[in-house]
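To keep things clear, I will list the structure first and then write my remarks on it.
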Amino acid sequence: MNTKTIKHNKSKQCKNHKVRQTSQRASTHVVKEDRVIPENVVIETVFGCNAKCIMCPIEMPTKRQKGVMPSVLFKRVIDELAPYYQQIDQIDLFGVGEPLLDKGLPDKVKYDKENGFQDVGLATNADLLEKGTAYKLFEAGLDTIMISIDGITAEVHEGIRVNTSFERVIKNVKKALALRDEYGYQTKFVIRFIRQSNNRHQWSGFKEYWTPLITKTKGDLIIGYNIHSWGGEIEVQKGPSYKPIPGHVACHHLFDRIIILRNGTIPLCCADMHHAHYALGNVKNGSLMEIYNNSMMNEIRKRHQAGNRLDLDICADCTVLESERNKDVI
């Protein structure tokens, strides 16, 4: 078998995705028979949300239909990925929306674990993270849960994560942490803060508040990201400290992540999730890996490798790489 390697500087996460590794090492992406095998799989189990966060495009007009990914489609995706389970570092069960709206989520987590995947996680605003829900997820084998909280006061948090209750979120997270610790579940907690003009002044207090509540020996983390633009869809403040990533730098997301939206569509990247303007195809109509390695995707990869990342409008307007570079991990 002909095996090639493509090298990139690797940062594992798009801004709205959880942190597993924090090193900025160079990585090698393996291409077998001219195929890129993704290290990270994102499956959007729900497109829709109980919240209306001011930095999220979910309430903006789109042709996409809100709803939950059917179990049949989810299992089809996992079955296609199963042969690659040793090469896939993580599976994230969230996209544009709140995954806890899916009552079948624990079963989806369990199916992932039964198929050998070693790091299965999700991100939630925790407004719906009741103790019973946390218990089902822990029992299913959830490896990582990212909790999105954007302030240390109700006024700030609820002003950003509209329709959530700050008091309820804090109570839910503390109960989930206590449940994890009391019964010895191995789920890692990542407490996330998305820095923006409304809450930057509370970042230091946020770290001080959550540091004594997490357990580092269990892998828990506190992370802070700067808001990103969703490919130009969200206005981002670019102050004097803002330094754009040079156009000749290729985006690692095209090489290490595949995203499957709740209807089976595969968008170009995380910045393309809301509209899927650059959709590569749909898993209902073809092989997942063939779609991820089709001519359109490979052509865009070649542009990036040739130093022409900014030629594509969505890439020129994207600030995900800048957000990653300024990430803080505590």
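D220 meets the stated requirement of being of a type in the set (D, E) and surrounded by 14 or more Cβ atoms within 10 Å (Cβ to Cβ).
Return the residue satisfying two criteria in turn: it lies in the stretch 170-199 and is among the aromatic types (F, W, Y) and not in a strand (DSSP E or B), and of such residues it is farthest from G151 (Cα to Cα). Spell out the reasoning first.
Step one: of the stretch 170-199, the residues among the aromatic types (F, W, Y) are 183, 185, 189, 193.
With the extra rule that they be not in a strand (DSSP E or B), the set shrinks to 183, 185.
Values: Y183: 29, Y185: 27 Å.
For the stretch 170-199, the residue satisfying everything is Y183.
Applying the condition of being more than 18 Å from L129 (Cβ to Cβ) and among the aromatic types (F, W, Y) to the stretch 53-107 and asking which residue is most open to solvent (accessible area, probe 1.4 Å) yields Y85. Against the numbered list (1) under 20 Å from D328 (Cβ atoms); (2) of a type in the set (S, T, N, Q); (3) under 20 Å from the mean Cα position of the chain (by Cα), T215 comes up short only at (3). Scanning the stretch 225-273 for residues that are open to solvent by less than 50 Å² (accessible area, probe 1.4 Å), free of Cβ contacts under 8 Å to residues at least 40 places away in the same chain and over 20 Å from the mean Cα position of the chain (by Cα) yields one hit, G239. Restricting the stretch 145-161 to residues that are of a type in the set (V, I, T) and within 20 Å of the chain's Cα centre (by Cα) leaves a set whose member that is farthest from Y135 (Cα to Cα) is I160.
Could you please give the count of residues in the stretch 109-151 that are in contact with a Lys or Arg (Cβ under 9 Å, 6 or more places away or on another chain), closer than 20 Å to Y85 by Cα and open to solvent by 10 Å² or more (accessible area, probe 1.4 Å)? Summing the residues that are in contact with a Lys or Arg (Cβ under 9 Å, 6 or more places away or on another chain), closer than 20 Å to Y85 by Cα and open to solvent by 10 Å² or more (accessible area, probe 1.4 Å) in the stretch 109-151 gives 5. Meeting the requirement of 3 or more residues that are modelled with pLDDT of 95 or more, more than 22 Å from G224 (Cα to Cα) and aliphatic (A, V, I, L, M), the helices (runs of 4 or more DSSP H) wholly within the stretch 64-167 are 71-81, 131-140.
For the stretch 305-330, the set of residues classified as in contact with a strand residue (DSSP E or B) (Cβ under 9 Å, 6 or more places away or on another chain), open to solvent by less than 60 Å² (accessible area, probe 1.4 Å) and assigned to a helix (DSSP H, G or I) consists of E322, S323, E324, listed by residue number. Among the residues of the stretch 37-50, write down those that are surrounded by fewer than 20 Cβ atoms within 10 Å (Cβ to Cβ) and farther than 14 Å from M289 by Cα. Once the filter is applied, which keeps residues that are surrounded by fewer than 20 Cβ atoms within 10 Å (Cβ to Cβ) and farther than 14 Å from M289 by Cα, the stretch 37-50 yields G48, N50.
Those residues that are without any contact (Cβ under 8 Å) to a residue 40 or more places away in the chain, over 24 Å from F189 (Cβ atoms) and more than 19 Å from the chain's Cα centre (by Cα), I need them from the stretch 71-105; list them, please. Those that are without any contact (Cβ under 8 Å) to a residue 40 or more places away in the chain, over 24 Å from F189 (Cβ atoms) and more than 19 Å from the chain's Cα centre (by Cα): S71, V72, K75, D79, A82, P83, Q86. Quick check on the stretch 279-290. Is at least one of its residues at pLDDT 95 or above, touching a helix residue (DSSP H, G or I) at 6+ places or on another chain (Cβ under 9 Å) and within 11 Å of C315 (Cβ to Cβ)? No, the stretch 279-290 has no match at all.
The values are calculated or read from the model by the stated rules, or taken from the named source; none is laboratory data. What you are looking at is a predicted structure, and each value in this text was computed from that prediction instead of being measured. Quick reminder, even Gly has a Cβ in these numbers, built from the backbone with ideal geometry, and neighbours come from all protein chains shown. Accessible surface is based on the protein model in full, side chains and every heavy atom, while ligands, DNA and RNA are left aside. Shrake-Rupley method; radii C 1.70, N 1.55, O 1.52, S 1.80 Å.
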